[in-house]
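The values are calculated or read from the model by the stated rules, or taken from the named source; none is laboratory data. Given the structure is predicted, the values throughout are model-derived calculations rather than measurements. Quick reminder, even Gly has a Cβ in these numbers, built from the backbone with ideal geometry, and neighbours come from all protein chains shown.
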């Protein structure tokens, strides 16, 4: 298990499975969050749901480095590690019980800056819009925690 001391645990994270992931709450200057729409036609967990950008932590990689790599791979955005703020750590709600590290960052970013390489789509959504869409449960909890800390 990676060091979680800088992350607020959302629930019990002691019984994590073998996989680890890093996700990033990206907020623009209009206070909207950048969300990814998962593919609906692939054999993945939570198809057609909304989530944050990020992905699996590879062997020998820190969650922070995974978050940086995944943002570059998935949307073509380069973020310096010192800008990523540790936010929360939680477990995925599927059978894998993946340990999920959540970072946050505020960026001067707009839709034209996104080069989508993974997922069915993306959107910049405000808090009221987020309440009306189908967000993965543990991601929704992480977003609520993020809003409570602001």
Taking residue 62 and the conditions (1) touching a strand residue (DSSP E or B) at 6+ places or on another chain (Cβ under 8 Å); (2) surrounded by 13 or more Cβ atoms within 10 Å (Cβ to Cβ), which numbered condition does it fall short on, given that it satisfies the others?
-> (1)
Among the residues of the range 104-111, is there at least one that is part of a loop (DSSP other than H, G, I, E, B), touching a residue at least 40 places away in the same chain (Cβ under 8 Å) and at positive phi?
-> no
Determine whether residue 124 is closer than 21 Å to residue 12 by Cα and either assigned to a strand (DSSP E or B) or touching a helix residue (DSSP H, G or I) at 6+ places or on another chain (Cβ under 9 Å) (or both).
-> no
Meets criteria (touching a helix residue (DSSP H, G or I) at 6+ places or on another chain (Cβ under 9 Å), at pLDDT 95 or above and farther than 23 Å from residue 132 by Cα) for residue 76 = yes
Among the listed residues 107, 52, 116, which satisfies the condition of being surrounded by 17 or more Cβ atoms within 10 Å (Cβ to Cβ) and modelled with pLDDT of 95 or more?
-> 52
Test set (1) out of contact with any strand residue (DSSP E or B) (no Cβ under 6 Å at 6 or more places or on another chain); (2) surrounded by 14 or more Cβ atoms within 10 Å (Cβ to Cβ); (3) modelled with pLDDT under 95 - residue 42 fails condition number | (2)
Please enumerate the residues belonging to the range 133-150 that are under 14 Å from residue 37 (Cα atoms) and in a loop (DSSP other than H, G, I, E, B).
-> 133, 134, 136
Filter result for residue 92 (touching a strand residue (DSSP E or B) at 6+ places or on another chain (Cβ under 7 Å) and touching a residue at least 40 places away in the same chain (Cβ under 8 Å)) = yes
